[in-house]
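S.K.: Before we start, here is the structure in question, set down as structure tokens.
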Amino acid sequence: MFVCHDGGGRVLLARRSAGARDEPGTWDCGAGALEFGETFEAAVGREVYEEYGVRPVGVERIGVRNVLRGDPVTSHWVAVVFAVEVAAEAVRIGEPEKFDAVGWFAPDALPEPLHSQCGESLRLFGATSAGSPPADGP
């Protein structure tokens with residue numbers, strides 16, 4: 001998972017389209033999966049480019065999440081969360097089959113509804129200073 005930011009306090013969110021895997025119509029941070037043999041940082045760079053058509057300016061790990069979804073739990077994974085600085089003016093929708101809008105938002109003025117997994121990643125980002133590790137470490 002990753003939270004893209006512009007280095008000036010705004011975060012980038014994408015609205016999930018009808019073709020998204022889950023929760024269409026919600027605003028979300030970025031995410032993706034590792035490919036075999038890929039480093040975390042390489043996966044984040046690839047996913048940011050695929051989703052937003054832009055290469056990261058900086059990538060920093062900001063936390064790890066134990067993700068449990070459903071009641072009862074129907075999916076479970078571990079997410080390594082990154083803060084990713086990108087050039088705001090270069091961002092575009094790279095996967096129109098998954099997203100129908102992108103936007104830059106101040107952390108205190110987020111759109112609604114948020115994807116169920118977005119809030120915790122944004123909280124991790126908020127616990128940092130534009131991606132710098134929190135005092136207690138990631």
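The values are calculated or read from the model by the stated rules, or taken from the named source; none is laboratory data. Since we're looking at a predicted model, the values are computed, not measured. Glycine gets a Cβ as well: all are built from the backbone with ideal geometry, and neighbour counts include every protein chain shown.
S.K.: Which numbered condition trips up Val102, out of (1) modelled with pLDDT of 95 or more; (2) over 18 Å from Leu122 (Cβ atoms); (3) of a type outside the set (D, E, K, R)?
M.R.: (2)
S.K.: While we're on this one: Please state which one of Ile93, Ile62 is modelled with pLDDT of 95 or more and within 12 Å of the chain's Cα centre (by Cα). Working first, answer last.
M.R.: Working: Ile93 fails: within 12 Å of the chain's Cα centre (by Cα).
Step by step, each of Ile93, Ile62 is checked, and only Ile62 is modelled with pLDDT of 95 or more and within 12 Å of the chain's Cα centre (by Cα).
S.K.: Answer yes or no: is there a residue in region 66-79 that is among the aromatic types (Phe, Trp, Tyr) and at pLDDT 95 or above.
M.R.: For region 66-79, residues among the aromatic types (Phe, Trp, Tyr) and at pLDDT 95 or above: absent.
S.K.: Another question, if that's okay. So which residues in region 1-57 are of a type in the set (Asp, Glu) and surrounded by 13 or more Cβ atoms within 10 Å (Cβ to Cβ)?
M.R.: Asp6, Glu23, Asp28, Glu38, Glu41, Glu47, Glu50, Glu51
S.K.: I need a count of the residues in region 1-56 that are in a strand (DSSP E or B), closer than 26 Å to Gly70 by Cβ and not charged (D, E, K, R).
M.R.: Qualifying residue count, region 1-56: 6.
S.K.: A follow-up question, please. Inspect region 33-52 for any residue being in contact with a helix residue (DSSP H, G or I) (Cβ under 7 Å, 6 or more places away or on another chain), in contact (Cβ under 8 Å) with a residue 12 or more places away in the chain and not β-branched (Val, Ile, Thr) and give the result as yes or no.
M.R.: No, that holds for no residue.
S.K.: Tell me, please, whether a residue that is touching a residue at least 24 places away in the same chain (Cβ under 8 Å) and out of contact with any Gly (no Cβ under 8 Å at 6 or more places or on another chain) can be found in region 71-78. Break it down into steps so the answer makes sense when it comes.
M.R.: Of region 71-78, the ones touching a residue at least 24 places away in the same chain (Cβ under 8 Å) are none.
No, that holds for no residue.
S.K.: Right, something else. I'd like the full set of residues that are under 16 Å from Phe2 (Cβ atoms), surrounded by fewer than 17 Cβ atoms within 10 Å (Cβ to Cβ) and touching a helix residue (DSSP H, G or I) at 6+ places or on another chain (Cβ under 9 Å), limited to region 91-109.
M.R.: Glu95, Trp104, Pro107
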